[in-house]
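Read the structure below first, then the notes.
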Amino acid sequence: MVTVMGQPETTTSEGGSITMSVGNTEVMYLPSADGINAITPPNLVFTNIQKIEHPIIEFDQRDYSWNDKVYLSITDPASNINPNEIDFVGSFNNKKLEIFTDSGKHLDYVLSETGKNSNFFTGEIQLTGFLLGDVNNDGIEDILTSETSGIGPYNGKIGTAQSDKITARYYYAPGEYVDTSVPIRMYLGELGFFMRSYDIAQKPILRLNDYDLNLAYGDKSDIVSVNVKSDSDLNGIVVQLHETWPGVFEGEIPTSQVKTSSSLLVSPGDEITATYYDKTLPDPYAKGEILPILATTQIQKTNQVNY
Ligand SMILES: [Ca+2]
Ligand SMILES: [Ca+2]
Ligand SMILES: [Ca+2]
Ligand SMILES: [Ca+2]
């Protein structure tokens, strides 16, 4: 039984539910099978009325790569204890916030209110992948350790598997919880030249999309090495592409008509082939498998070169 004290105002009555205002608090009530007639003014004693307000829990993306940064939010006015202070939600005050993966990693976590009276709580968790060696082919091992640690709101780390799922579950009252889950999956790299053919004087531009290679966050740009060869230069060269957007890499191929150690020799009519070795593969590829991903472009046959 719920008894509302004071002088509440019924502001809407829609779809069988009723929104009441008591002071600054707006609460929605849903009548039970007994029906809306359960409300008996003027005494305002409601019987068999179920309160349906519950927290909302959300991740910021529909899926994540193995080492993404994950943002989690909870909207829960009931945990905004003090309108003049930043409050927290988590595993205290008879509540519990668990973050876990299908592959068995687990954290008890805390989120902080975004403002003193916002009712909105956020935090972030770094996915820490798993060891796969040198994934961006720059000759340096990339340390993805599966480390799982932290209490929140911003220091959390959680390991992932090649195909996984992350779940956040918030127990906001005894026996009551809300939760949300998002898949963690790896990406097949996509490699391509900007144009199908280039004039011999132009530098071909190559782009790679592989969201698994956003290894550093913030201002630090990542790199990836790819192999490039031409019909005239079968040994080819290694070219570094630079991150222009998280997980998106671009670079110019330094072509020339005179071979040097840092340039790719090209002749009119040549085909140029770039190869990216993707080691961060989704199912059904085996963990540790390496898949070459190719892109080609042509050097135009021109009469512009004077011999
Ligand atoms: Ca507060
Ligand atoms: Ca590396
Ligand atoms: Ca990056
Ligand atoms: Ca990949």
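The values are calculated or read from the model by the stated rules, or taken from the named source; none is laboratory data. A quick note: this is a predicted structure, and the numbers were derived from the prediction, not measured. Glycine also receives a Cβ, built like all others from the backbone with ideal geometry; neighbour counts cover every protein chain displayed. Please note that ligands, DNA and RNA were not included when accessible areas were found on the heavy atoms of the full protein model with its side chains. Shrake-Rupley method; radii C 1.70, N 1.55, O 1.52, S 1.80 Å.
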* Calculate what fraction, in whole %, of the accessible area of region 56-185 sits on carbon and sulfur atoms when a 1.4 Å probe is rolled over the protein chains. => 49
* Structure fact -> With x for Gly and Pro, the residue-by-residue ³J(HN,Hα) of region 255-270, computed from phi through the Karplus equation 6.51 cos²θ - 1.76 cosθ + 1.60 at θ = phi - 60° and given in whole Hz, is 8, 7, 9, 10, 5, 10, 5, 9, 10, 9, 6, 10, 10, x, x, 5
* **Nonlocal amide H pairs with D278, under 5 Å, H built at 1.01 Å** => L291, I293
* Could you please report the charge total around S149, scoring K, R as +1 and D, E as -1 over all other residues with beta-carbon less than 12 angstrom from its beta-carbon? => 0
* Hey, what do the phi angles of region 59-76 turn into as Karplus ³J(HN,Hα) couplings, whole Hz, using 6.51/-1.76/1.60 and θ = phi - 60°, x for Gly and Pro? -> 8, 8, 9, 7, 8, 10, 7, 4, 10, 5, 9, 10, 9, 10, 9, 10, 9, 8
* If you find the alpha carbon centre of region 117-182 and of region 83-104, how far apart are they in angstrom? -> 14
